[in-house]
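Below is one structure, written out as structure tokens; the observations come after it.
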Amino acid sequence: MPRAAILRFVAQVLACATVAVHAQAPQPDFRQWVAIEKDGVHDPKGPAVQSLQQPREALQPLAPDGAGNQVRWVEALRQGQINPRPRLHGTQPLEVRDTEIYLNLRGGTPIVKFPHLAHTQWLACANCHEGLFRKEVGTSGLDMRRILQGEQCGVCHGAVSFPLTECNKCHNTSRIGFHAPDGTPQGARAALVVPPSTSAAR
Amino acid sequence: MKREPARWLPLIFAFLFAIASVPAARAEYADVVLNKHAEAEGVRPVVFPHWFHRVRFRCAVCHDELGFKMRAGANEVTMKDIVDGKFCGGCHNGDIAWSPDRCDLCHSGKPGLKSGIYGGHHSTGPGYW
């Protein structure tokens with residue numbers, strides 16, 4: 001066997017092995033968190049910086065994201081990576097609701113599919129209704145300009161939940177081939193979607 | 001007429017480069033500084049880390065049960081209320097979390113900080129965010 005052929009064979013084996021190793025290797029985690037003594041809000045001369053938990057320690061094990069706390073909080077909860085206490089007193093659980101609402105049906109940007117489920121796992125109904133949003137679909141007068149000013153969705157999104165730079169996390173449904181659910185009035189701006197699990201129970 | 005070469009141009013570039021290369025000290029996203037009363041009363045401002053509490057509690061515990069309004073600066077939190085078991089005192093009672101006599105653990109902020117919501121990672125922009 002000529003030497004060149006042997007070398008080519010060895011190179012091919014190595015290439016295959018490299019591909020196989022990389023396919024199995026976990027995604028590299030490039031996230032970084034500023035240590036609290038360097039974060040500009042904690043006093044580095046104070047005693048607390050010695051004992052408080054560092055963000056890196058708490059957040060690195062959780063489902064990664066590219067913005068905000070660099071954590072997908074809803075996903076971390078779904079996967080059971082965290083089990084935050086839902087109530088302080090009593091055993092009454094949070095009222096979970098799994099309907100979804102299509103918003104922005106007449107806008108130019110992609111349609112918003114709002115999941116009640118992810119929100120009701122964290123929040124109580126009274127946090128949004130009837131103050132920030134009205135219960136009746138399509139009557140809350142949602143306005144991106146007001147959201148960007150920290151009102152409506154912007155009370156949380158942009159302050160504590162994922163920031164408003166993540167357009168397509170909310171504007172997540174293409175207009176191409178989209179059909180509003182049955183019974184949606186002509187020209188409506190929003191429509192309620194009742195998922196199969198709920199409608200079967202009714 | 002012959003134009004002078006702009007001698008100040010490299011200086012501007014050097015300045016811009018210097019700004020860009022200074023690592024900005026940044027709070028974690030959604031950290032809240034409370035300093036309505038703290039420094040006036042002679043203690044450091046409070047730094048409230050949302051991320052730390054979110055790992056352990058859902059939003060509804062503080063923003064529904066304990067009555068914290070969802071707007072930084074909208075809550076009138078006093079030490080008297082906390083000692084009486086309201087606001088932070090719902091948990092910070094020595095039972096669920098450390099008791100209010102551990103002053104320095106909450107009053108851990110840099111002197112002179114303004115109240116409000118802080119945090120890096122794409123949270124700077126118009127309006128309140």
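Laboratory data are not the source of any read-out in this text; all were calculated from the coordinates shown. The shown structure was predicted, so the numbers you read here are calculated from the model rather than taken from an experiment. Neighbour counts are summed over all protein chains in view; Cβ atoms, including those assigned to glycine, are modelled from backbone coordinates with ideal geometry.
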**Report entry** Length added when fully stretched, A:LYS45-A:ARG146, from 0.36 nm per residue minus Cα-Cα
**Finding:** 32.4 nm
Query raised in the report: Percent antiparallel among DSSP beta bridges with both residues in the protein assembly as shown, to the nearest 5?
Result: 85
Query raised in the report: Leaving out same-chain residues fewer than 8 places away, which lysines sit with a Cα under 22 Å from that of A:LYS135?
Result: A:LYS113, B:LYS69
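In deg cm²/dmol, rounded to 500, what helix-only [θ] at 222 nm does chain A give when every DSSP H run of at least 4 residues adds -39500 (n - 2.57) and the total is split over its residues?
Details: 9 runs with 61 residues, N = 202.
About -7500 deg cm²/dmol.
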Query raised in the report: Excluding same-chain residues fewer than 8 positions from A:LYS45, which lysines have a Cα within less than 24 Å of its Cα?
Result: B:LYS36, B:LYS110, B:LYS114
Report summary line: In degrees, nearest 10, the alpha-carbon axis of helix A:3-24 is tilted away from the dominant principal axis of the alpha carbons of chain A by 30
**Report entry** Under-5 Å amide H pairs with A:THR173, H placed in peptide plane, nonlocal only
**Finding:** A:ILE111, A:LYS113
Report summary line: For region A:90-124, listing trypsin sites (Lys or Arg not before Pro) in a DSSP loop whose Cβ sees at most 14 other Cβ atoms within 10 Å gives A:ARG97, A:ARG106
Query raised in the report: Tell me, in nm to one decimal, what length is gained between A:THR165 and A:GLN186 on full extension, where the rule is 0.36 nm per residue of separation less the Cα-Cα distance?
Result: 4.4 nm
Report summary line: Using the Cα gyration tensor of the protein assembly as shown, the equivalent ellipsoid's semi-axes, largest first and to the nearest Å, work out to 37, 34, 26
